[in-house]
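Participant: I have a structure here, written as structure tokens, and I will follow up with some questions on it.
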Amino acid sequence: MPASPAAARAGADLADTYFGQLGECFERAARAAGGGSLDLEMAGLPLRLRFAGAGLRKELLAPFEHLATPLAAAEPALAISLFDTASSGVEPPAPLWDPIEAPPGTNPVVRLRSERACVLAAAGSRALTAAAPGAGAAVFHLPDATAIPASERAAPIREALQLLMAARGRLMTHAGAIGRGGRGVLLVGRGGSGKSTLALSCALAGLEIVADDYVLLEPDSLTAHAMQSTAKLTEDSAERLGVPAAAIDSAGFEPTLEGPAKALVDLRALAPGALKQQLGLRAIVAPMLSLRQPAHIAGGRRLDDVAPPLIRRISAAEGLRAVAPSTIVQSGFGGAESLTALAGLVRRVPSYALDLSPDPAANAAAVDRLVAGLG
Amino acid sequence: MSEYFRIGPEIVHETVDGEVIAIDLDNGSYYSLAGSGPLVWELLAGGASEAELRDALAARFGAIEAIAGDVSVLLGQLRESGLIVEAEREAGNAALMAKAGDGEAYETPRFERYTDMKDYFLLDPIHEVDSAGGWPRPAA
């Protein structure tokens with residue numbers, strides 16, 4: 001039964017109201033500071049990124065350029081509008097909520113939701129996201145794009161994409177995806193499990209890569225789709241993989257909320273031709289730092305002295321435990337639907353654990369052999 | 001104190017390969033139930049009381065001495081972790097409760113708790129100002 005107009009006005013309309021106000025601010029910013037847009041296809045859906053002012057265009061256009069494509073429709077199904085105050089001169093609307101404090105190193109988020117809209121206001125990064133998922137529209141704002149937080153550069157407009165895509169059956173999943181010949185595996189596990197290092201090892205070894213950390217999963221077709229063209233690496237991993245300086249973002253290694261400092265790596269510069277828009281999934285692989293040997297190669301030790309990587313089949317339930325908690329806990333909504341979709345995935349494709357070797361090339365070769373054997 | 005339970009309101013769960021994976025959306029803890037745990041979970045979700053759980057397991061596996069103690073221990077773990085909460089009597093799943101066994105052996109329930117996701121909650125907590133359940137809905 002639809003809510004009564006009175007009930008709809010009470011409280012739940014805050015999100016709708018703020019979404020509308022932030023959208024009006026974006027239009028003012030576009031008129032005042034000029035704009036520009038990037039048309040692309042993401043997860044099989046036409047998406048237009050609209051920029052007002054030069055600030056966010058400079059920071060956030062490049063990570064999505066690999067998905068650029070001319071769109072047939074004048075009004076694409078999805079549109080995300082981006083602006084910052086510093087380059088546009090337009091302030092966002094006053095908050096409709098009580099501000100909260102962000103202790104150093106944290107990023108608490110105020111969330112308003114209604115049937116139609118969702119607003120996320122991050123107190124640490126000061127990023128604002130307002131979305132109307134059913135309408136396929138979102139607005140993103142930062143105070144100053146030149147001071148863009150590392151978390152926003154690492155996973156640009158993640159919340160906006162997550163909200164719009166979830167309404168169209170694409171589940172943002174905390175996983176990497178690599179493969180060969182258009183088919184591949186989902187790399188799953190919480191932060192620090194070795195996903196990124198393994199994904200980039202594979203890309204350097206000539207495998208195809210969709211992402212190191214987040215993919216858009218289409219559960220019915222078992223397809224993993226790409227978002228941004230960047231990955232995140234610790235300094236230690238970058239050194240072990242021999243990542244060339246030209247592929248490392250000029251901001252260098254910056255502290256992260258979850259732990260060690262990481263730098264952005266441009267996948268297009270790291271492994272030209274390896275970055276793909278999608279892969280058909282044939283298995284789930286959970287990399288694990290080996291208990292058999294130190295993760296680092298001690299000085300003077302030769303790579304052929306260390307144990308090789310081991311791939312072993314694990315149960316579907318273990319696969320689900322490796323992929324679902326971090327995906328669902330980080331998404332903050334749609335937990336039941338996400339868990340059902342991921343359970344469907346682990347029922348349809350086999351799950352494996354990969355006990356990592358300290359030798360990145362050996363790990364990549366092991367994944368390559370697994371992909372080849374999956375058909 | 002009520003004899004009856006239901007799955008906690010912030011718990012999402014799936015059963016895969018004879019194992020229940022349950023995630024507490026309130027704090028990021030997640031859980032695994034194996035052995036006869038998934039059967040107990042299914043019966044609880046169907047509205048069974050502790051006594052009905054014991055009877056159902058006995059009907060399924062025979063009069064095994066360990067059942068009463070195992071059920072009591074598991075219920076304690078499930079309640080302590082917030083996976084189940086007390087509830088009013090609901091119409092139980094009579095067919096499930098009365099189902100006879102097909103010869104499978106009784107296994108002690110196995111319960112595991114994982115707390116490695118808690119960091120995300122501490123670093124990146126969400127403060128809900130207003131919420132409408134079940135949102136957003138996938139397009140039909």
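Every read-out reported here was derived from the displayed coordinates using simple, explicitly stated rules and does not represent laboratory data. It should be emphasised that the depicted structure is a prediction, and the values quoted were computed from it without experimental measurement. We place every Cβ from the backbone using ideal geometry, glycine too, and count neighbours over all the protein chains shown.
Participant: Per-residue Cβ counts within 10 Å, from other chains only, averaged over B:3-16: what number is that?
Facilitator: Working: counts 0, 0, 0, 0, 0, 0, 0, 1, 2, 9, 4, 12, 3, 15.
Per residue, the average neighbour count from other chains is 3.
Participant: For the stretch A:171-374, give the magnitude of the charge dipole about the Cα centre (Cβ charges: +1 Lys/Arg, -1 Asp/Glu; no others), in debye to the nearest 20.
Facilitator: Details: 19 positive and 19 negative charges, 129 e Å.
It works out to roughly 620 debye.
Participant: Can you give me the relative contact order of the stretch A:77-226 as a percent, contacts being Cα pairs under 8 Å and 6 or more apart?
Facilitator: Numbers: 265 pairs, mean separation 25.5, N = 150.
Result for the stretch A:77-226 is 17 percent.
Participant: So what's the net charge close to A:Val349: Lys and Arg +1, Asp and Glu -1, counting the other residues with Cβ under 11 Å from its Cβ? Let's see the in-between values first.
Facilitator: Working: positive: A:Arg183, A:Arg282, A:Arg347, A:Arg348; negative: none.
Result for the neighbourhood of A:Val349: +4.
Participant: Among A:Ala147, A:Ala72, A:Ala122, which residue has its Cα furthest toward the positive end of the charge dipole of the stretch A:64-193, with +1 on Lys/Arg Cβ and -1 on Asp/Glu Cβ?
Facilitator: Farthest towards the positive end: A:Ala72.
Participant: Taking the stretch A:203-279 as the region of interest, what is the percent of Cα-Cα pairs per 10 angstrom bin, listed from the shortest bin to the one with the maximum distance?
Facilitator: Per 10 Å bin, starting at zero, the Cα-Cα P(r) for the stretch A:203-279 comes out as 19, 47, 28, 6 percent.
Participant: Work out the length of the dipole vector of the stretch A:5-166 about its Cα centre, built from +1 on the beta-carbon of each Lys and Arg and -1 on the beta-carbon of each Asp and Glu, and round it to the nearest 20 debye.
Facilitator: Working: 13 positive and 17 negative charges, 11 e Å.
Dipole magnitude for the stretch A:5-166 comes out near 60 debye.
Participant: Could you tell me the distance between the Cα centroids of the stretch A:33-79 and the stretch A:180-217, to the nearest Å?
Facilitator: About 25 Å separates the Cα centre of the stretch A:33-79 from the one of the stretch A:180-217.
Participant: Where Lys and Arg each count +1 and Asp and Glu each count -1, what net charge lies around A:Leu56 among other residues with Cβ under 12 Å from its Cβ? Numbers along the way, then the final one.
Facilitator: Values: positive: A:Arg50, A:Arg57, A:Lys58, A:Arg153; negative: A:Glu59, A:Asp84, A:Asp144, A:Glu152.
Here the charged neighbours net out to 0.
Participant: For the stretch A:12-83, which GluC sites (Glu not before Pro) are both in a DSSP coil and crowded by at most 11 other Cβ atoms within 10 Å? Numbers along the way, then the final one.
Facilitator: On the way: sites: A:Glu24, A:Glu27, A:Glu41, A:Glu59, A:Glu65; in loops: none.
Counting only loop positions with at most 11 other Cβ atoms within 10 Å, none of the GluC sites (Glu not before Pro) in the stretch A:12-83 qualifies.
Participant: Moving on to the next point. Within a 10 angstrom radius of each residue's Cβ in B:18-26, how many Cβ atoms of other chains show up on average? Whole number is fine. Don't skip to the end; give the middle numbers.
Facilitator: On the way: counts 3, 6, 1, 11, 1, 10, 3, 8, 0.
Average per residue, whole number: 5.
Participant: Tell me the label-point distance for the pair A:Leu374, A:Arg313, using the 7 Å Cα-to-Cβ offset, in nm and rounded to one decimal.
Facilitator: It works out to 1.5 nm between the two label points.
Participant: Mind giving me the nanometre distance, one decimal, between the label points for A:Ala72 and A:Ala269, set 7 Å out from Cα along Cα→Cβ?
Facilitator: If labels sit at A:Ala72 and A:Ala269, their model points lie 3.7 nm apart.
Participant: Around A:Ser338, with a cut-off of 12 angstrom between Cβ atoms, what is the net charge of the other residues, counting Lys and Arg +1 and Asp and Glu -1? Before the final figure, lay out each step's value.
Facilitator: Values: positive: A:Arg170; negative: A:Glu337, B:Glu14.
Residues close to A:Ser338 contribute a combined charge of -1.
Participant: Another one. Could you give me the radius of gyration and the Dmax of chain A, taking only the C-alpha atoms into account and expressing both in angstrom?
Facilitator: Answer for chain A, Rg first and Dmax second: 21.1, 74 Å.
Participant: Right, another one. Compute the orientation-averaged projected area for the stretch A:171-374 from the convex hull of its Cα atoms and round it to one decimal in nm².
Facilitator: Values: hull surface 43.6 nm².
Quarter of the Cα hull surface area: 10.9 nm².
Participant: With +1 assigned to the C-beta of every Lys and Arg and -1 to the C-beta of every Asp and Glu, and no other charges, what is the dipole magnitude of chain A about the Cα centre in debye, to the nearest 20? Display every interim value, and only then the final one.
Facilitator: On the way: 34 positive and 36 negative charges, 191 e Å.
Using only the charged Cβ atoms, the result is roughly 920 debye.
Participant: Roughly how crowded by other chains is peptide B:28-41, in terms of the mean Cβ count from those chains within 10 Å of each of its Cβ atoms? Show your work: numbers first, answer last.
Facilitator: Working: counts 5, 2, 8, 2, 4, 1, 2, 0, 0, 0, 1, 0, 0, 0.
Mean shielding count: 2.
Participant: Jot down the radius of gyration and Dmax of the stretch A:5-166, Cα atoms only, both in angstrom.
Facilitator: 15.2, 47
Participant: Determine, for each peptide in B:102-114, B:51-63, B:77-89, the mean count of other beta carbons within 10 angstrom over its residues, then list the peptides with the highest first.
Facilitator: On the way: B:102-114: 13.8, B:51-63: 17.4, B:77-89: 15.8.
The packing order, highest mean first, is B:51-63, B:77-89, B:102-114.
Participant: Among A:Leu198, B:Leu25, which comes first, second and so on when ranked by fewest other beta-carbon atoms within 10 Å?
Facilitator: Values: A:Leu198 26, B:Leu25 19.
Fewest to most other Cβ atoms nearby, the residues stand as B:Leu25, A:Leu198.
Participant: Now for a separate question. Would you mind getting me the FRET efficiency between B:Ala105 and A:Thr106? Use the beta-carbon distance for r and R0 = 51 Å, nearest 0.05. Working shown, then result.
Facilitator: Working: r = 49 Å, r/R0 = 0.96.
Rounded to the nearest 0.05, the efficiency is 0.55.
Participant: For the protein assembly as shown, give the share of DSSP beta bridges that are antiparallel, in percent and rounded to the nearest 5; count only bridges with both residues there.
Facilitator: On the way: 73 of 100 bridges.
So the antiparallel bridges in the protein assembly as shown amount to around 75 percent.
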